[in-house]
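Structure record follows, encoded as structure tokens.
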Amino acid sequence: MKHLLSAADLDLDTATAVLDTAAELKATLLGREVRKLPTLRGRTVITMFYENSTRTRVSFEIAGKWMSADVINVSASGSSVNKGESLRDTALTLSAAGADCVIVRHPASGAAHRLAGWLGHTGTGVVNAGDGMHEHPTQALLDAATLRERLGDLRGRRIGIVGDILHSRVARSNVHLLATLGAEVVLIAPPTLVPAGVEAWKVPVSYNLDAELPGLDAVMLLRVQAERMHGGFFPSAREYSIAYGLNENRMKLLPEHAIVLHPGPMLRGMEISSAVADSERPAIVDQVSNGVHVRMAVLYHLLIGTEGNAL
Amino acid sequence: MSALLRGVLLYGEGDPVDVLVEDGVIARIGADLPAEGVEVIEAQGKVLLPGFVDLHTHLREPGREDTETIATGSAAAALGGYTAVFAMANTDPVADTQLVVEHVWRRGQEAGLVDVHPVGAVTVGLKGEKLAELGTMARSAAGVRVFSDDGHCVHDPLLMRRALEYSKALDAVIAQHAEEPRLTVGAQANEGEVASRLGLAGWPAVAEESIVARDCLLAKHTGGRLHVCHVSTTGTVDVLRWAKARGTGVSAEVTPHHLLLTDELLASYDPVNKVNPPLRTSVDVQALRAALAEGIVDCVATDHAPHAPQDKDCEWSSARPGMLGLQTALSVVAQTMVITELLDWRGVARVMSERPAQIAGLPDQGRPLAEGEPANLALVDPDARWTVRGADFASISDNTPFEGMELPARVVLTMLRGRITAHEGKVCG
């Protein structure tokens, strides 16, 4: 693995190897007082975040630091980006300065692919930490890690992805990865939030959450971004919540074993009621903690490779 | 100056003949014409066509002379077999006044390689709010007969109605960039499977088709003349067929890139493939080829749109839309229409020269290959094969989606009113 740009690029063996490494790291670090491994000592990892983000950036930073990498954070504000420097020049500069890996979050779909192209000759790896409406592969990996913990083997499991499919990079990455892992995915959203051409994704689409809930092993809620709410995609937050919000009554329709995922940040009261969010069922806190281990595993596979046995 | 083209095939048909050009006109056509005192050009087996006419180019001057000038764009046009090109109005300043259109016209005359006809803006500053002084531009030295806000759609139906109506007195045509702006907010790629996979905001076919349908109705209602720029969808072809059948004054163009390339290329996220309207599906490509062969789409226009490297070598959504086209148009048409036997060379003459000249009302372009006619000519080697290298183009800008492609057929000589403007890949200034 030289780059991680898209969950679609992960075959079953690679995805399983990354998830197994993440589980191993989690077990190794569990209960340790000093959560620091020497694995990436001397490696330099740079995060380039062109969008506001707390959880993803912090998660990558902790992942790097727990493996003893030197982690440097660059954000669009307060850098040469503000002076009008192109993404290409910024990337080449950071690579030349010694980055072994850059982790990029960018509002343009395909930005990580472009970066990998520009850095192709340098040996600097690229991790896509979310590009526009395209993909967010480490989010899909941490979701899969969480699902595996709670449900075991994902083959034949049915996962509902609910909400703004159209604009969601989380949805795209999850559709790819869950299919690779053998799970069935059903997309649940109002028609205005389903992309044209979704037929090619080869997954069922439903407009009716209540009808789908009884058949699900997990329900994955997507964040509805504020700008979508005012973009005329649906009449009101209230109406969205009535049809697609996960509340206590809806929870009764879910099978006992089924779990609830949300990539965060949650819009309480709209996407998910506070009672549900704070109940035992959601795995949202596990998602955050698994995020660190999955990103450690990704950095490990990217920078050390599968041959290394430094764990 | 006199020149004798030896052994050419007129429209690629019949027996080889010699063509004698004297004083800017085709003086004689016949077998074994005498060669004394004239420049002889050996052209055995080459196809002679009327010089091409491009209704849609962006020559970037004034304003973006770092990407193209009227001189470099004229050179590219001559090398591509063109004897007349229409320079779109979206320059800086916009070509919405007599001053700017006369400047463009004069700069074209100074370059002297191709007739550069300025397109006048329909609305002041391309803002879509107020009609520009169409009459003044029409009566200027530039003699503007084609008006367009290309790059922007004249989306206000009342303004479009007025433009179609008013231009009747000027014997002019309104060339519409058909894009309903409310349906294409933030649009980056053809709405469909590829865009959904790549996470690019969709540019739906209906945004083009709804404007074309509306404008055809307005053209019929007003009796004005409408020209539809860069038709890109199957549905637009259907609308045009319907409108033409009911006697609407409408014509339409298709670009070479929409005849060859599809949105599958977007998977690389390389903005050399970014263009507006966007690359569509292979179904659309097939429909556009058939429509061009049938005459529902009248002609080929390049939408030649040079861009600086920094405006293309960036992330997709930041990149400017547009592609070079003047030096690849004939070869792409050969690849998509001639090799496929959808058009013969006479058909190529129709779609690249005769129809565009008629649409724009150019009396001395797109003329028959006959004695006494103006010698605006393109000589084509139908058997050539060449590999596209953007760096070799006459344009200042060099990025092209055709980079590295091997294409058939090549223009070997271009003649403007009897004067050779390009020969064997070299500009003759």
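The values are calculated or read from the model by the stated rules, or taken from the named source; none is laboratory data. Predicted model only: the values in this text are computed from it and were never measured. Cβ: placed from backbone, ideal geometry, glycine included. Neighbour counts: every protein chain shown. The protein model used for the area step is the full one, side chains on, heavy atoms only, and it has no ligands, DNA or RNA in it. Shrake-Rupley method; radii C 1.70, N 1.55, O 1.52, S 1.80 Å.
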*Output the number of the condition that B:Arg139 fails; it satisfies all remaining conditions of (1) within 14 Å of chain A (Cβ to nearest Cβ); (2) closer than 30 Å to B:Ala71 by Cα.*
(1)
*Checking A:Leu142 against (1) under 15 Å from A:Pro263 (Cα atoms); (2) within 14 Å of chain B (Cβ to nearest Cβ); (3) in contact with a Gly (Cβ under 7 Å, 6 or more places away or on another chain), the condition it does not meet*: (2)
*Residues that are in contact with a Gly (Cβ under 7 Å, 6 or more places away or on another chain) and under 28 Å from B:Ala360 (Cα atoms), drawn from the range B:258-275*: B:Val275
*Does B:Glu13 meet the test of being part of a loop (DSSP other than H, G, I, E, B) and modelled with pLDDT under 95?*
no
*Scan the range B:286-296 and give yes if some residue there is under 18 Å from the mean Cα position of the chain (by Cα), within 14 Å of another protein chain (Cβ to nearest Cβ) and touching a residue at least 12 places away in the same chain (Cβ under 8 Å), otherwise no.*
no
*B:Arg60: of a type in the set (Lys, Arg), in contact (Cβ under 8 Å) with a residue 24 or more places away in the chain, in a loop (DSSP other than H, G, I, E, B) and open to solvent by 10 Å² or more (accessible area, probe 1.4 Å), yes or no?*
yes
*asked:* For the condition open to solvent by less than 30 Å² (accessible area, probe 1.4 Å), in contact with a strand residue (DSSP E or B) (Cβ under 6 Å, 6 or more places away or on another chain) and at pLDDT 95 or above, what is the one hit in B:Ala175, B:Ala76, B:Ala189?
replied: B:Ala175
*Restricting attention to the range A:30-40, does a residue exist that is in contact with an Asp or Glu (Cβ under 9 Å, 6 or more places away or on another chain) and more than 14 Å from chain B (Cβ to nearest Cβ)?*
yes
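Condition check ((1) open to solvent by 40 Å² or more (accessible area, probe 1.4 Å); (2) within 22 Å of A:Gly245 (Cβ to Cβ); (3) not in a helix (DSSP H, G or I); (4) not acidic (Asp, Glu)) across all residues:
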site: A:Ile161; (1), (2), (3), (4): no, yes, yes, yes
site: A:Ile165; (1), (2), (3), (4): no, yes, yes, yes
site: A:Val170; (1), (2), (3), (4): no, yes, no, yes
site: A:Asn174; (1), (2), (3), (4): no, yes, no, yes
site: A:Leu177; (1), (2), (3), (4): no, no, no, yes
site: A:Gly182; (1), (2), (3), (4): no, no, yes, yes
site: A:Val186; (1), (2), (3), (4): no, yes, yes, yes
site: A:Thr192; (1), (2), (3), (4): yes, yes, no, yes
site: A:Pro195; (1), (2), (3), (4): no, yes, yes, yes
_Out of the residues in the range A:140-159 meeting the condition of being over 24 Å from A:Leu209 (Cβ atoms) and in contact with a helix residue (DSSP H, G or I) (Cβ under 7 Å, 6 or more places away or on another chain), tell me which one is surrounded by the fewest Cβ atoms within 10 Å (Cβ to Cβ)._
A:Glu149
_Filter result for B:Ala207 (open to solvent by less than 30 Å² (accessible area, probe 1.4 Å), within 14 Å of another protein chain (Cβ to nearest Cβ) and either in contact (Cβ under 8 Å) with a residue 60 or more places away in the chain or not in a loop (DSSP other than H, G, I, E, B) (or both))_ = yes
_Every residue from the range B:112-151 that is of a type in the set (A, V, I, L, M) and part of a loop (DSSP other than H, G, I, E, B)_ = B:Leu113, B:Val114, B:Val119, B:Ala121, B:Val122, B:Ala132, B:Ala141, B:Ala142, B:Val144
*Using the structure shown, decide if B:Gly199 is open to solvent by less than 10 Å² (accessible area, probe 1.4 Å) and within 14 Å of another protein chain (Cβ to nearest Cβ).*
yes
*asked:* Please count how many residues of the range B:230-273 are open to solvent by 30 Å² or more (accessible area, probe 1.4 Å), small (Gly, Ala, Ser) and under 22 Å from B:Ala329 (Cβ atoms).
replied: 0
_Residue that is open to solvent by 10 Å² or more (accessible area, probe 1.4 Å), of a type in the set (S, T, N, Q) and over 22 Å from B:Pro306 (Cβ atoms), where the choices are B:Gln327, B:Gln358_ = B:Gln358
_Just to confirm my filter: which helices (runs of 4 or more DSSP H) fall fully inside the range B:267-357 and include at least 3 residues that are over 30 Å from B:Thr91 (Cα atoms)?_
B:282-294, B:345-349
_Lone unmet requirement of (1) over 14 Å from A:Met296 (Cα atoms); (2) away from every other protein chain (no Cβ under 14 Å); (3) open to solvent by 20 Å² or more (accessible area, probe 1.4 Å); (4) not hydroxyl-bearing (Ser, Thr, Tyr) for A:Val58_ = (1)
*Residues that are open to solvent by less than 30 Å² (accessible area, probe 1.4 Å), in contact with a helix residue (DSSP H, G or I) (Cβ under 7 Å, 6 or more places away or on another chain) and not small (Gly, Ala, Ser): find the helices (runs of 4 or more DSSP H) completely inside the range A:213-311 holding 1 or more of those.*
A:237-244, A:248-251, A:274-277, A:284-303
*asked:* Suppose we keep only residues that are within 26 Å of A:Met296 (Cβ to Cβ) and within 13 Å of another protein chain (Cβ to nearest Cβ) within the range A:127-139. Which one would you say is surrounded by the fewest Cβ atoms within 10 Å (Cβ to Cβ)?
replied: A:Gly132
*Note down all Cβ pairs under 8 Å where the first residue falls in the range A:1-18 and is closer than 17 Å to A:Ala183 by Cα, the second is open to solvent by less than 50 Å² (accessible area, probe 1.4 Å) and hydroxyl-bearing (Ser, Thr, Tyr), and they're at least six residues apart or on different chains.*
A:Ala7/A:Ser173; A:Ala7/A:Thr180; A:Leu10/A:Thr180; A:Asp11/A:Thr180; A:Leu12/A:Thr180; A:Ala15/A:Thr180
_Which numbered condition B:Ile174 misses (of (1) within 13 Å of chain A (Cβ to nearest Cβ); (2) touching a Ser or Thr at 6+ places or on another chain (Cβ under 7 Å))_ = (1)
*Given the conditions (1) among the small types (Gly, Ala, Ser); (2) surrounded by fewer than 19 Cβ atoms within 10 Å (Cβ to Cβ); (3) within 19 Å of the chain's Cα centre (by Cα), which single one is not true for A:Ala97?*
(3)
*Failed condition for A:Ala112, given (1) open to solvent by 50 Å² or more (accessible area, probe 1.4 Å); (2) among the small types (Gly, Ala, Ser); (3) assigned to a helix (DSSP H, G or I)*: (1)
_With the requirement that a residue be out of contact with any Ser or Thr (no Cβ under 7 Å at 6 or more places or on another chain) and either away from every other protein chain (no Cβ under 14 Å) or of a type in the set (Ser, Thr, Tyr) (or both), what does the range B:254-271 give you?_
B:Val254, B:His257, B:Leu261, B:Ser268, B:Tyr269
*Residue by residue through the range A:115-126, note down the ones that are open to solvent by 10 Å² or more (accessible area, probe 1.4 Å) and more than 14 Å from every other protein chain (Cβ to nearest Cβ).*
A:His121, A:Thr122, A:Gly123
